[in-house]
Amino acid sequence: MLKGHLDTIVLAALEAGPAHGYAVIETIRARSGETFDLPEGTIYPALHRLEAAGLLASEWVVPPSGRKRRVYALTPAGLDALKTRRSLWDRFAAGVSAVVGGRPWPA
Amino acid sequence: MAGVIDDYLAEIHALLGHDRLLANRLAEELADHFADMLGETPSEDEQLEAVARMGPARDIAASLLADRADSTAERTGAVLVTALVATFIAMRLRSLWLPPLDADGALAGALVPFIDRWAFVVAILACVGWLIGRARGRGARRGRWAAVALAGLFGSVAAGILRIFLAAGWAQAPVLVVAATVGECLVVGLLMAQALALRRSLTRAARLAGS
């Protein structure tokens, strides 16, 4: 189930600001309360795919620590896509909660 | 970082070796990831655990190649539509500006415009098949539809060239007709290159995904 939402989760993890792959994984793990403990290798294809779709931009940066790393950031199109996907997710989650999380049916 | 991690990165390199840029970029990203995770001098057990958390190198490469194949298919579709438009314009110009070929009742005179038109119709139908495959997410079938469309366009272009030759000869043909046919040849050539790239891309992705 998570697979279909991975791109949205990655976009949301980058909403706060640019980050490299490992930081994206850590953000997802922390914000999900460690519910999403993904195989870390799934994140890099997702980052590349979102960049190819124009939703992310990336560049190599050399921080003061000295190790070159690739940093990803949302593009304006990525921000728009995140807003749209978030709105769809809110409706979907509300619908599922109403059906699954409510009282037993028929009452 | 030596040992297990180096072997893992070398495997990534080997799996994506046909695309050096992608292989280098991913290997550098993963090396940075492992360095963040493990620090300077990890033990072999720590390296093994980090590699296990990353998942099989083959899965990462397969996922990247599947995405690449999708992008190549999208580009092929755009070139296919451009080639159809260019072929349609060239075909219409030939019909409007060249004298009819079937006046003397010769077989070639009737056959050439027929092939020009119907090969184009085949290409249009294949394009529709490609669009349906796109909607249904069937990458391999899209490759086949692109091949059929390419064959149709080749037929139409070949018949178009023959039509110019039989109707007026290259020297006497209107410049606009010749220019449109040359443009049609270039776009169809581009489509052929793109279709070959798509075939390679789908083959690599299928090989990794299936093994």
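Here are the numbers:
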quantity: Filter pass, A:R91 being of a type in the set (K, R), assigned to a helix (DSSP H, G or I), away from every other protein chain (no Cβ under 13 Å) and within 15 Å of the chain's Cα centre (by Cα); calculated: no
quantity: Members of region B:66-85 that are out of contact with any Ser or Thr (no Cβ under 7 Å at 6 or more places or on another chain) and under 23 Å from A:Y44 (Cα atoms); calculated: B:A66, B:D67, B:D70, B:S71, B:A73, B:E74, B:R75
quantity: Unique match (being over 26 Å from B:A151 (Cβ atoms) and in contact with a Leu (Cβ under 6 Å, 6 or more places away or on another chain)) among B:L101, B:L22, B:L26; calculated: B:L22
quantity: Region A:48-107, subset more than 19 Å from B:L26 (Cβ to Cβ) and of a type in the set (S, T, N, Q), residue surrounded by the fewest Cβ atoms within 10 Å (Cβ to Cβ); calculated: A:S65
quantity: Residue list for region A:27-85, restricted to those being within 11 Å of chain B (Cβ to nearest Cβ) and either in contact (Cβ under 8 Å) with a residue 60 or more places away in the chain or touching a Ser or Thr at 6+ places or on another chain (Cβ under 6 Å) (or both); calculated: A:P45, A:E51, A:A52, A:R70, A:Y72
quantity: Looking only at region A:1-47, and only at residues there that are of a type in the set (A, V, I, L, M) and assigned to a loop (DSSP other than H, G, I, E, B), the one that is surrounded by the fewest Cβ atoms within 10 Å (Cβ to Cβ); calculated: A:M1
quantity: Test: B:A86 is within 14 Å of another protein chain (Cβ to nearest Cβ), more than 20 Å from B:L9 (Cα to Cα) and crowded, with 19+ Cβ neighbours inside 10 Å; calculated: no
quantity: Residue list for region B:1-46, restricted to those being modelled with pLDDT under 90 and polar (S, T, N, Q); calculated: B:T41, B:S43
quantity: Tally, over region B:47-77, of residues that are hydrophobic (A, V, I, L, M, F, W, C) and either farther than 30 Å from B:R136 by Cβ or at pLDDT below 90 (or both); calculated: 9
quantity: Count of residues meeting criterion [crowded, with 19+ Cβ neighbours inside 10 Å and over 17 Å from A:L38 (Cβ atoms)] in region B:36-60; calculated: 2
quantity: Qualifying position, being at the interface with chain A (Cβ under 9 Å from one of its Cβ atoms), within 20 Å of the chain's Cα centre (by Cα) and of a type in the set (D, E, K, R), among B:D67, B:D19; calculated: B:D67
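The values are calculated or read from the model by the stated rules, or taken from the named source; none is laboratory data. Please read these numbers as outputs of a predicted model, since none were measured by experiment. Counting neighbours? That spans all protein chains shown, and the Cβs are built from the backbone with ideal geometry, glycine included.
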